[in-house]
Amino acid sequence: MFWHIDNTIITIAIFVMTLFVHLFYAKYFLYKHWWHIVFFAIVAILLGTHGNINNYIFSVINIFPFLSFMFLKDEFKKCVFDSWRNVFSAIIAVSLVLYLLVTGGVNLPSFPDFYGDITDADSYYLARNYIGLIQLVNAYSGDILDRFQSIFLEPGYLACLIVMILFIDGYSFKERKSNIILFIALILTFSLAGYFLCAVFYVVYMVKNSRHRYASVFGLFFVTISFLLLASIYNGGDNQINNRVISRLQYDNDRGTIEGYNRTTQEFDEYFSNFMLSSDVLMGDAKGFERNFAGEGANVGIKYYIVVYGMAGLLSYLLFLYSPFFRMTRKSYLALSFFVLWFIIFARGNYVMWMTAFLITYIYGLISLNENKKMKLI
């Protein structure tokens with residue numbers, strides 16, 4: 001719904017609404033704490049931005065909603081996050097219904113849409129818009145991507161956000177029924193990263209917090225193996241799970257990685273190896289990247305970030321992620337595990353690094369996992 005609104009207008013709207021909220025609802029905020037996190041966030045943004053002065057100003061303004069969340073009194077942080085999660089789960093539920101109807105052959109009203117700069121072949125997405133559901137369209141073949149992504153831009157981003165929420169809740173489906181909806185959505189994203197992170201951090205959680213930890217880990221292993229075997233033989237292997245997930249796990253001898261790794265191109269990987277030994281590794285070389293790889297396919301994630309913004313940019317972002325541990329939360333097993341989870345998500349695709357929903361989920365997760373020192377055993 002905001003795809004075709006100019007970013008300048010959105011940034012100004014964020015600025016005005018933030019001032020309005022802080023002016024008329026000042027009693028809900030406490031400005032005495034967490035300035036160190038704000039400091040590290042702004043430093044990370046400035047070191048991760050290129051361009052004119054407007055770029056730097058707009059980049060800082062765009063995280064105002066997150067900074068506002070930081071300064072909320074603690075008792076209201078949970079209220080805000082719970083409200084956001086309820087709305088998010090409701091959107092997912094409606095989208096799931098539409099997705100099942102569309103994939104089942106029901107012809108629902110829709111219209112062609114796009115996101116990004118349509119004049120640049122590598123800078124836009126084509127989509128079929130059902131208002132409550134988006135389906136991406138291949139710009140060359142016209143084929144519809146039938147992975148679930150709700151109203152969000154990419155299935156992988158949605159999957160990673162769901163994994164974060166499930167980890168915060170301790171993979172509890174009895175006490176929070178909406179997690180069942182989110183888990184179904186995660187499965188239908190057919191996201192290799194989402195599946196992997198969900199399984200790995202389920203083990204991480206259970207090893208620490210379940211009285212039946214070994215049974216839980218073994219059960220997950222058994223279910224996963226059975227699931228993979230069933231997917232590989234069902235319909236002769238011609239099914240969504242096998243085609244979109246299992247086949248992507250095959251090893252690519254030419255690239256030295258799995259088939260599903262599409263974060264960087266082979267040419268960029270070779271460039272990155274040489275770049276790490278160059279004098280630009282500290283501050284990055286954005287112009288060099290544009291000169292060598294503009295229009296040459298997708299290159300995202302931690303390697304891209306180092307090339308464009310250097311090790312200084314990467315370390316500043318790491319300091320920002322770690323800054324809550326200085327004063328805000330203790331270095332518990334679960335909190336540090338959540339820190340690792342978010343860093344892996346960032347390393348996979350750096351474009352999520354300043355998205356408000358992810359940042360608020362990250363900070364709330366640290367607070368929640370820190371407060372639940374005696375978490376209920378599962």
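The values are calculated or read from the model by the stated rules, or taken from the named source; none is laboratory data. Since the structure is predicted, the reported quantities are computational estimates derived from the model, not experimental observations. A quick note on method: Cβ atoms are made from the backbone with ideal geometry, for glycine too, and the neighbour counts reach across all protein chains shown.
Look at (1) under 21 Å from Tyr351 (Cα atoms); (2) under 16 Å from the mean Cα position of the chain (by Cα) and you find that Leu166 fails only one, number (1).
Only one of the numbered conditions (1) surrounded by 12 or more Cβ atoms within 10 Å (Cβ to Cβ); (2) in a strand (DSSP E or B) is not met by Ser95, and that is (2).
Within the bounds of region 121-140, is there any residue that is closer than 30 Å to Gly365 by Cα, within 23 Å of the chain's Cα centre (by Cα) and among the hydroxyl-bearing types (Ser, Thr, Tyr)? No: zero hits.
Across region 99-120, the qualifying residues are those that are closer than 23 Å to Asp6 by Cβ and surrounded by 14 or more Cβ atoms within 10 Å (Cβ to Cβ), and the one among them that is nearest to the chain's Cα centre (by Cα) is Tyr115.
Answer yes or no as to whether Gly142 is in a loop (DSSP other than H, G, I, E, B), under 18 Å from Ile91 (Cβ atoms) and not hydroxyl-bearing (Ser, Thr, Tyr). Here the answer is no, as Gly142 does not meet what is asked. In region 189-307, counting only helices (runs of 4 or more DSSP H) that sit wholly within it, the ones holding 3 or more residues that are at pLDDT below 70, β-branched (Val, Ile, Thr) and surrounded by fewer than 16 Cβ atoms within 10 Å (Cβ to Cβ) span 213-233. Quick one: would you say Val106 is modelled with pLDDT of 95 or more and either of a type in the set (Val, Ile, Thr) or assigned to a strand (DSSP E or B) (or both)? Considered against the rule, which asks whether it is modelled with pLDDT of 95 or more and either of a type in the set (Val, Ile, Thr) or assigned to a strand (DSSP E or B) (or both), Val106 comes out as no.
So that you can scan it fast, the table gives a plain yes or no per residue for (1) surrounded by 18 or more Cβ atoms within 10 Å (Cβ to Cβ); (2) farther than 21 Å from Leu321 by Cα; (3) among the acidic types (Asp, Glu):
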| site | (1), (2), (3) |
| --- | --- |
| Phe24 | no, yes, no |
| Lys27 | no, yes, no |
| Tyr31 | no, no, no |
| Ile42 | no, no, no |
| Ile45 | yes, no, no |
| Gly48 | yes, no, no |
| Tyr56 | no, no, no |
| Phe66 | yes, no, no |
| Phe76 | no, yes, no |
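Over 22 Å from Ile10 (Cα atoms), aliphatic (A, V, I, L, M), out of contact with any Phe, Trp or Tyr (no Cβ under 8 Å at 6 or more places or on another chain) and part of a helix (DSSP H, G or I), is that true of Leu100? Judged against the criteria, Leu100 is a match.
Does at least one position in region 324-331 carry a residue that is surrounded by 15 or more Cβ atoms within 10 Å (Cβ to Cβ) and modelled with pLDDT of 90 or more? The answer is yes; a qualifying residue exists.
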